[in-house]
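The values are calculated or read from the model by the stated rules, or taken from the named source; none is laboratory data. Every value quoted in this text rests on a predicted model; they were computed, and no experiment measured them. Note that each Cβ is placed from the backbone with ideal geometry, even for glycine, and that neighbours are counted across all protein chains shown.
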4 protein chains.
Amino acid sequence: MISFQSDYIQGAHPKILENLIKTNFEALSGYSTDKYCDSAKEKIKKSCNKSDAEVFFLVGGTQANQVVISTCLRNYQGVISAVTGHINAHEAGAVEYTGHKVLPLPNHKGKIDTNELNDFVETFYADDNHEHMVFPGMVYISHPTEYGTLYTKDELTKISEICKKYDMILFIDGARLGYGIMSNETDVTLEDIAKLCDVFYIGGTKVGALCGEAVVFTHNNAPNYFMTTVKQHGAMIAKGRLLGIQFDTLFTDNLYFEISKHAILMAEKLKKLFKDNGYKFFIDSPTNQQFIVLENAKMEELKKNVQFGFWEKYDDNHTVVRFATSWATTEEDINELSKYI
Amino acid sequence: MISFQSDYIQGAHPKILENLIKTNFEALSGYSTDKYCDSAKEKIKKSCNKSDAEVFFLVGGTQANQVVISTCLRNYQGVISAVTGHINAHEAGAVEYTGHKVLPLPNHKGKIDTNELNDFVETFYADDNHEHMVFPGMVYISHPTEYGTLYTKDELTKISEICKKYDMILFIDGARLGYGIMSNETDVTLEDIAKLCDVFYIGGTKVGALCGEAVVFTHNNAPNYFMTTVKQHGAMIAKGRLLGIQFDTLFTDNLYFEISKHAILMAEKLKKLFKDNGYKFFIDSPTNQQFIVLENAKMEELKKNVQFGFWEKYDDNHTVVRFATSWATTEEDINELSKYI
Amino acid sequence: MISFQSDYIQGAHPKILENLIKTNFEALSGYSTDKYCDSAKEKIKKSCNKSDAEVFFLVGGTQANQVVISTCLRNYQGVISAVTGHINAHEAGAVEYTGHKVLPLPNHKGKIDTNELNDFVETFYADDNHEHMVFPGMVYISHPTEYGTLYTKDELTKISEICKKYDMILFIDGARLGYGIMSNETDVTLEDIAKLCDVFYIGGTKVGALCGEAVVFTHNNAPNYFMTTVKQHGAMIAKGRLLGIQFDTLFTDNLYFEISKHAILMAEKLKKLFKDNGYKFFIDSPTNQQFIVLENAKMEELKKNVQFGFWEKYDDNHTVVRFATSWATTEEDINELSKYI
Amino acid sequence: MISFQSDYIQGAHPKILENLIKTNFEALSGYSTDKYCDSAKEKIKKSCNKSDAEVFFLVGGTQANQVVISTCLRNYQGVISAVTGHINAHEAGAVEYTGHKVLPLPNHKGKIDTNELNDFVETFYADDNHEHMVFPGMVYISHPTEYGTLYTKDELTKISEICKKYDMILFIDGARLGYGIMSNETDVTLEDIAKLCDVFYIGGTKVGALCGEAVVFTHNNAPNYFMTTVKQHGAMIAKGRLLGIQFDTLFTDNLYFEISKHAILMAEKLKKLFKDNGYKFFIDSPTNQQFIVLENAKMEELKKNVQFGFWEKYDDNHTVVRFATSWATTEEDINELSKYI
């Protein structure tokens, strides 16, 4: 059985395990104050070309979203997101749990539209009753989105401008950031991300780590006592080394980018395979997640040999399914897949 | 430089790393639904001799406290804790962040007193105005406590009875549970714990794991949709395997108990060393944390070769410091220490 | 200047003030434990024909929504509402502040559609990932809605059935309930409301009181220690008599229904006036709020002599405005209005 | 039966009812934007001699505490209070409900000690682990306290200085402020209060109003969009006139001070009565609440003719009870009382 179920089905990149072993008996201080965390932070800042950035390590994506959003917003503010955004749809209400509303905008293949964003905020402030409503204090986007799609540099720039105009924080969920940056169809670099938004995170969990997300405040704008708030959320781990060593490894010798590139290469092969065999795509995704429309009978047959994810019902006879590649996908996986489709 | 700074200064027990490597490329489902999590849960239930227990894995101790307490309490309830309890003193208000008050009782070397507990709750219900106050809905104790001390089986039984009498949940923080159970001076076993309380957790982070705490609801009493609440707290990790494999390893061939026993042995040696050299103990601790009263001059001298933790000021000339052993402490560490004291 | 700005622009019905004065120097116990609260509760239960109902008095509508929703929901649940529902649009995120998500359904003149409701919940439970999402635990509707519209008895019955099927609480916001029940175009009585939903409230603030909403749990289903939760929300007032005396007055000699009927009569006259003069209605409302489409020039002219509410932009040359009648609207107000339109 | 049960057992001062009637049919805008609110705010600012103060009206004391504290604190901060402070003991956890810890200091007849306050904060910042703890962000005191006692001007000045030194907000709960200011044994004026603290409130509910507390931010320091947060707490009322008219009345012709003075006069007479008859006082209170130690048999006998409040058990044969006077207490009440003691 081969699996394209998701990009978190295997453990960690071997170099990460190697470094965990190598450093295992070093006595290090806790709570991300160790030298590996320091080193990883410096490397990330350098990759971002942002000497005034501040980097923190958290364990997972929902946690990163929750901690960042609740820490950056004021009481009376909510966060704008595509209706399909992870925070709005698939985090069990983690943002609302912290007391803040998610303000949903229409979904365009996972993305928000810059004009709709501008209109939403403009209309809000034009409403005489807006002081009885939730203020838009932040824009949340994911890059790549939950549909594997990417914002263009032009779109990000426009969103950034709207945020500045209306004093909103721009927050980018980069749970799969590597796969976005290394896509063949993007003009957005890590430096662009770091330049255009106020805070974002570099996903580790889905890009080769056992766990971990590196939160980057891009311009000395981390909230006061951020680590205290992290603790308050139950999000601080005693052995911060686990996160530091992993990110230090990922940002040494371009590993993060190399393995992301590999996943993109595998995705392109997979895409070609389906295309060549006449399959229909639900969305034209330039990243590691591919959404295929399968006949239900075909889907059931395929399940016998291949694992993939259910996405949504297409019509009575068809289903949208997701195939995800990752740093761990092999040419053999693709070749094996070709036998069944 | 040798270090007795804490019990979380090294990585993981080598068998854990070994198993992480061995299983690294297996494609496993996410969110703790994999076979290693299943296996670990079964082993833990067996160790507890509780077939009707329900086990869940979380990443850290503050997180476990926060999720369990907020999920088990009703809106109008708070949790009773020693004033020195971790939730009251050192979690940055993680419990209050979820909307619940910590109701502090006096500290007796880290423990609460059973009579004071009973009086507190009795007085509460006797107060005509108690419906204007926070209801005691849970009792939180740590075993070992933050001072390394242990409850006797008799004390736990009494606390359990008071909880039943007043319809309160008994929750035991077992961040260092192994070191309590394997103490030479305890009559409390893991089975006793599982029998006497409603929910507890088995600490991994401080007992040989990279991270992870195993939360045990002892009698089919896990809150409905507990994992949804875990997600809502940002506490669910995609690669649940990281926790499952670690606990599966710790509960195979008694590893958890063996390495805890080792730490106790090292603590006893360390204790003897200080005693033989005429040092004064702040508390007579039967577990892996030892609290010594040092002359300030001696403390500064010692710091040059040994790492240990500041606990609190004793008087103008003395300081209480903490030496912690762990699964990773070696005879060599103890021998080296003997040179300096 | 005459005013149709809203239904809360005047003070209280004179009988209420009269009774406040009459009872002013009686020494009464606090926190809604006095005899007037008791009497009002009994009268309301009788009006509802529900001997097993439990009645509580709160100060305002947003408060009632917040307290009821947060008290009835479990941690992992959210509340379904029309996107235009007061809790979703105009309460500054009061529900989210308590940790719960509002799950929006499309708006049909302020109402939710029963089929869309059923589909939403059915789809939720059919989704393999629903344990990562917010569970629908309650349906919130307002009757009349924010657009003055009313559910039919058949619609309420269907919604009630869907709620029972999926174990959701049905909660009706009755901030303007009197104006709904006394509409000429409804088949829904107070008894129907009390029979079909789990909890609702009878609005006082907009129907003749200075403040106050009577929350009715319809079948001995008030959450445990509800008043403790009310206190916890800062929603309990010391002089509960202020609420008890007002509702006791409103539910004596059918006052609540009589003054609501009067407001409907005034609304019908106002409606006829606009219709006879060829004005266009935005919505055909059967209650005390009337939504008219005005040419912008006409609107500006009218503002010189009449107060009314801005609702929303219709097109570049037209605006939707709201005229509200109330228990305090007089024939003279209507006659005066006729001069200007 | 005469009653000294509390200071909220009667309705409102007759002048308040008179003005509610006089203004009843005026069409006023909602949400405290009416002219009576404006007028009341101006009068209060003038009484405080603070032209840069900002005044808001809320309904009750617990609500005022909750809204002010949660709005002023940052996520990582808690509020210092006497262990007996209303927010710590008798508000059902309203502060914790908003996510913030109450940090208790020892009680000295209801007051905190300035040295203990300074030590607490100094020790906090000296602790190496303080970033894992709740930061003290505010000091909450009540004046008069829950025991009827008062801070001296010197004490308030010291507390104010400590707050400034450690960047904490000083918040004074003035639920019974009138009775404090008009005490015969105080050197603290309303101007002093307004000068020394950052925010306080002037209690209406217990000083002649039906409900209402006037929150005063003393130096243009109201949090941004405070009214939006008020709404979010369910604390905004549609007919803000109810609060505006009451406070406008209370601050016209010194009514608030006159009726407070009257209550003090009655309290002095009551005190003398008990003293002359050899009763023992639990606390020497200079305000409207008097705490007497009664033999239990005497207490039961007295209950037949007089209402008073149970405070706490004194010993097996004695009980502490509370007698409260108010704006509404009459000489006749005192004379009547003299018959029974």
| Given (1) within 11 Å of chain D (Cβ to nearest Cβ); (2) in contact with a helix residue (DSSP H, G or I) (Cβ under 9 Å, 6 or more places away or on another chain); (3) more than 23 Å from residue C:131 (Cα to Cα), index of the condition residue C:64 fails | (2)
| Does residue A:43 fit the bill of being more than 9 Å from chain B (Cβ to nearest Cβ) and more than 23 Å from residue B:10 (Cα to Cα)? | yes
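Do we find that residue A:192 is within 17 Å of the chain's Cα centre (by Cα), away from chain C (no Cβ under 14 Å) and surrounded by fewer than 21 Cβ atoms within 10 Å (Cβ to Cβ) in this structure?
Details: within 17 Å of the chain's Cα centre (by Cα): yes; away from chain C (no Cβ under 14 Å): yes; surrounded by fewer than 21 Cβ atoms within 10 Å (Cβ to Cβ): yes.
It is true that residue A:192 is within 17 Å of the chain's Cα centre (by Cα), away from chain C (no Cβ under 14 Å) and surrounded by fewer than 21 Cβ atoms within 10 Å (Cβ to Cβ).
Residues checked against (1) basic (Lys, Arg); (2) within 22 Å of residue D:75 (Cβ to Cβ):
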{"position": "B:67", "(1), (2)": "no, yes"}
{"position": "B:82", "(1), (2)": "no, no"}
{"position": "B:88", "(1), (2)": "no, yes"}
{"position": "B:93", "(1), (2)": "no, yes"}
{"position": "B:96", "(1), (2)": "no, yes"}
{"position": "B:113", "(1), (2)": "no, no"}
{"position": "B:126", "(1), (2)": "no, no"}
{"position": "B:129", "(1), (2)": "no, no"}
{"position": "B:158", "(1), (2)": "yes, no"}
| query | Looking at segment C:1-81, what helices (runs of 4 or more DSSP H) fall wholly within it and have at least 3 residues that are of a type in the set (D, E, K, R)? | reply | C:14-22, C:35-48
| Members of segment B:266-297 found to be surrounded by 16 or more Cβ atoms within 10 Å (Cβ to Cβ) and assigned to a helix (DSSP H, G or I), listed by number | B:266, B:267, B:268, B:269, B:270, B:271, B:273, B:274
| said: Criterion first (farther than 25 Å from residue A:189 by Cβ and either buried (at least 24 other Cβ atoms within 10 Å of the Cβ) or at pLDDT 95 or above (or both)) does residue A:261 satisfy it? | reply: no
| Matching residues in segment C:316-333 - criterion: being at pLDDT 95 or above, charged (D, E, K, R) and surrounded by fewer than 16 Cβ atoms within 10 Å (Cβ to Cβ) | C:331, C:332
| If we keep just the residues of segment D:71-80 that are under 21 Å from residue D:214 (Cα atoms) and more than 7 Å from every other protein chain (Cβ to nearest Cβ), which is nearest to the chain's Cα centre (by Cα)? | D:79
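This table checks each residue for (1) farther than 30 Å from residue B:133 by Cβ; (2) surrounded by 23 or more Cβ atoms within 10 Å (Cβ to Cβ); (3) charged (D, E, K, R).
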{"site": "D:33", "(1), (2), (3)": "yes, no, no"}
{"site": "D:52", "(1), (2), (3)": "yes, no, yes"}
{"site": "D:86", "(1), (2), (3)": "no, no, no"}
{"site": "D:90", "(1), (2), (3)": "no, no, no"}
{"site": "D:95", "(1), (2), (3)": "no, yes, no"}
| note | Counted residues in segment A:6-25 being over 24 Å from the mean Cα position of the chain (by Cα) and farther than 12 Å from residue A:245 by Cα come to 1
| said: I'd like to check something: does segment A:88-104 contain any residue that is more than 14 Å from chain B (Cβ to nearest Cβ), assigned to a strand (DSSP E or B) and touching a strand residue (DSSP E or B) at 6+ places or on another chain (Cβ under 9 Å)? | reply: yes
| query | Of the residues that make up segment A:120-134, is at least one within 14 Å of chain C (Cβ to nearest Cβ), surrounded by fewer than 22 Cβ atoms within 10 Å (Cβ to Cβ), touching a strand residue (DSSP E or B) at 6+ places or on another chain (Cβ under 8 Å) and closer than 30 Å to residue B:228 by Cβ? | reply | yes
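Considering each of B:113, B:128 in turn, give the residue that is farther than 25 Å from residue D:95 by Cα and either at pLDDT 95 or above or not aliphatic (A, V, I, L, M) (or both). Steps first, please.
Numbers: B:128 fails: farther than 25 Å from residue D:95 by Cα.
Step by step, each of B:113, B:128 is checked, and only B:113 is farther than 25 Å from residue D:95 by Cα and either at pLDDT 95 or above or not aliphatic (A, V, I, L, M) (or both).
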| Pairs with Cβ under 6 Å, 6+ apart, first in segment C:18-33 and under 20 Å from residue D:19 (Cα atoms) and facing chain D (nearest Cβ under 7 Å), second assigned to a loop (DSSP other than H, G, I, E, B) and not polar (S, T, N, Q) | C:24/D:11
| note | Of the residues in segment D:67-102, those that are out of contact with any helix residue (DSSP H, G or I) (no Cβ under 8 Å at 6 or more places or on another chain) and within 11 Å of residue D:137 (Cβ to Cβ) come to D:72, D:73, D:74, D:77
| note | Looking across segment A:298-341 at residues that are β-branched (Val, Ile, Thr) and outside any strand (DSSP E or B), the single one that is farthest from residue A:109 (Cα to Cα) is A:330
| task | Those residues that are in contact (Cβ under 8 Å) with a residue 24 or more places away in the chain and of a type in the set (A, V, I, L, M), I need them from segment A:116-161; list them, please. | result | A:117, A:121, A:134, A:138, A:139, A:141, A:150, A:156, A:159
| said: Could you go through segment A:230-247 and let me know if any residue there is among the basic types (Lys, Arg) and more than 10 Å from chain B (Cβ to nearest Cβ). | reply: no
